[in-house]
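Single-structure report; data block below.
Coordinate-derived values only; no laboratory data. This structure is a prediction, so every number in the text was calculated from the model and none was measured. For neighbour counting, all protein chains shown are included, and Cβ atoms are generated from backbone atoms with ideal geometry for every residue, glycine included.
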Amino acid sequence: MSSDYDRPRADTDATACSYTEYETKEHADGEVPVTGKNATGIERDVWAALYEVEDPEMPVSIVDLGLVYGLTIESGTADIEMTLTYSGCPAREIILEEVEAVAESVDDIETAEVHLVWSPDWSMDMVTDQGKESLREFGLSFEQ
Amino acid sequence: MATADTNLGDPGDLDERERQAVEAQLFRIADDEYVQAERYTFWQVRAPTLESDLAVANNSQDELGHARLWYEAIQQFGYTEESLLFESNPEDFQHSTLVELPFKKGDWADAVVRAYLYDVAEDIRLSALENSSYEIIRDRTSTIQGEEDYHVEHAQSWIERMVLDDDAVGRVQAALNRLYPYALTLFEPVGDVESDIEAFGIRTMSLDEMHTAWENRVEEFLTGLNLDVPTDAEVAEHIGRDNNHTDDWAPLFEEMTSSYRNLDRNKATVIMDKDNE
C-alpha cells in the first residue's frame with residue numbers, strides 16, 4: 001500500500017547542526033576552577049560533599065562543571081566561592097542552598113557560606129574531563 | 001577617551017562622591033535591563049513563530065539575569081531588593097523611556113526594531129564598562145557580554161528579513177521613526193554626577209561618544225537596508241534618566257509589583273526560600 005505522503009529520508013551526508021558554538025576562552029592556567037584534587041582531612045570531606053551536588057538540569061556534579069572557584073575552611077566555617085553557567089540561571093537558589101546544606105552536613109563544619117563571583121566568566125572549557133564524559137552520556141554533544 | 005588608570009576598590013573604600021557616581025551608573029543599567037526584560041515577556045506567547053517565542057523569552061531571561069547582577073552590585077551599598085524594586089515608586093526609576101513603551105498591538109516590527117536599537121546601545125555601553133575603575137562592574141561585564149552577542153544578531157536577522165517584504169518594510173520604517181527619539185534617551189545624563197562617572201573612570205566613554213558610536217553603527221546597518229534613519233530627530237519629551245517617565249510606566253510598574261502588594265508581602269521571595277517551604 002502506498003501513501004501520498006513520502007516520509008522524509010535521512011540525508012546520509014548530513015552533519016549535526018553546527019549553529020551552537022561553545023566558546024572557549026583564555027583563562028589563567030590552574031587558578032579556577034578548583035576541584036579539590038589532593039585535598040586532605042576536613043577539606044577533602046567538604047569536597048566529597050560538594051561533588052554530590054548536581055546541576056538540577058543535568059546529571060553532572062557542580063564540581064565537574066567547573067563552577068567552584070574556591071574553598072576555604074576556617075574554624076568550622078566553610079567559605080565557598082562559585083559561579084553559575086548563566087547569569088539568568090533559574091536554578092540559582094536551588095544550587096546555592098544545596099551547596100550550603102551539604103557543606104554544613106560535614107562533621108566539624110558548622111556554617112557554610114557561598115559567595116557568587118562572575119569573573120572569570122564560566123565557559124565550557126571549565127568543565128573537567130569527567131564532567132565532559134557525564135555530559136556526553138547525558139546526550140550533550142560538543143567538540144573535544 | 002578616559003582610561004581606568006585608577007582602581008576604586010571595594011564598596012567600603014569609596015568616598016561619598018565616588019559612591020554616588022558608581023550608584024548612578026549602576027541604577028541606570030539595572031533599570032534599563034529590568035524593564036526591557038519585562039516588556040519582552042509580552043511577546044513570549046505572541047511572537048510570529050514558536051522559535052521567535054523562545055528566542056524572545058530567552059532574551060528576556062538574559063536581561064533579567066543581567067538586571068539581577070547590577071542590582072546585586074547596588075545592594076552591596078546596603079540597599080535591599082524590597083526597597084529597590086517592590087517597595088519603590090515608579091518615579092524612582094531611571095531607565096530610558098525606550099524600554100517602558102508598550103508595544104503597538106500586534107506589531108512585531110516594534111519589538112525587533114526596539115531590540116535592535118537597545119542592544120546596539122547595550123553593546124557599546126558594555127564596552128565602555130569593561131575597563132571600569134570599579135572592579136565589581138568590570139568583573140560582571142565579561143559574563144554579560146558573552147550573553148549579549150546573540151541579541152544583536154537576533155534583531156538584525158529579523159530586520160534583514162522583514163525589509164524584503166513590502167508590507168513589513170513599512171512597519172519597520174514606522175517603528176524606527178516612532179522609537180528613534182526614545183532610543184536617544186539612552187544617552188541622556190542623569191544629572192551632574194555624569195562628569196564624576198567619567199572623571200573617576202567608572203565608564204570609559206562619555207555619553208556623547210557612546211551616542212556617536214551608536215548612531216554610526218545603527219545608521220550604517222539600517223541605511224544599508226534602504227531604511228531612512230531619522231538622525232535629525234529630537235530626543236523624546238520624557239527621557240526617563242531624570243526620573244520623568246511616560247504615562248505608560250506607572251501602570252507597568254503597578255502590574256510588576258501587584259502580586260507583592262496583593263499578597264501583603266513585606267519581603268522578596270526566592271525559589272526554595274527556607275521560610276516558604
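Relative to the 2.2 N^0.38 Å rule of thumb, region B:145-277 has a C-alpha radius of gyration ratio of 1.41.
If you take every residue apart from residue B:136 with its C-beta less than 10 Å away from the C-beta of residue B:136, what net charge results, scoring Lys and Arg +1 and Asp and Glu -1?
Around residue B:136, the charge tally is -2.
Remark: the residue A:7-residue A:129 segment gains 39.9 nm on full extension, using 0.36 nm per residue and subtracting the alpha carbon distance. Calculated on the Cα set of region B:74-147, radius of gyration then Dmax: 15.6, 43 Å.
Full extension of the chain segment joining residue B:233 with residue B:268 gains 8.5 nm, where the gain is 0.36 nm per residue of separation less the Cα-Cα distance.
When Cβ neighbours within 10 Å are restricted to other protein chains, what is their mean count per residue of peptide A:84-94?
Neighbouring Cβ atoms belonging to other protein chains average 5 per residue here.
Annotation: extensible slack from residue A:43 through residue A:138 equals 31.3 nm (criterion: 0.36 nm per residue apart, minus Cα-Cα distance).
Would you mind computing Rg(Cα) / (2.2 N^0.38 Å) for region B:102-213, counting N as its residues? Could you put the intermediate results ahead of the total?
Details: Rg = 16.2 Å, N = 112, 2.2 N^0.38 = 13.2 Å.
Compared with the compact-globule rule of thumb, region B:102-213 sits at 1.23.
Per residue, the average separation of C-alpha pairs within less than 8 Å and at least 6 apart gives region A:41-138 a relative contact order of 33 percent. Each listed q (0.06, 0.08, 0.12 Å⁻¹) maps to a log10 I(q)/I(0) for the protein assembly as shown, found by the Debye formula over equal Cα scatterers with no solvent: -0.29, -0.52, -1.11. Counting Cβ atoms of other protein chains within 10 Å of each Cβ in B:139-147 and taking the mean gives 5.
Membrane-span-like helices in chain B, defined purely by DSSP H runs whose alpha carbon atoms cover 20 Å or more axially and whose average Kyte-Doolittle hydropathy reaches -1.0, are B:50-75, B:108-129, B:166-183, B:207-223.
Over chain B, the alpha carbon radius of gyration divided by the compact-protein estimate 2.2 N^0.38 Å works out to 1.00.
When you restrict to C-alpha pairs under 8 Å that are six or more residues apart and normalise by the size of chain B, the relative contact order lands at 27 percent.
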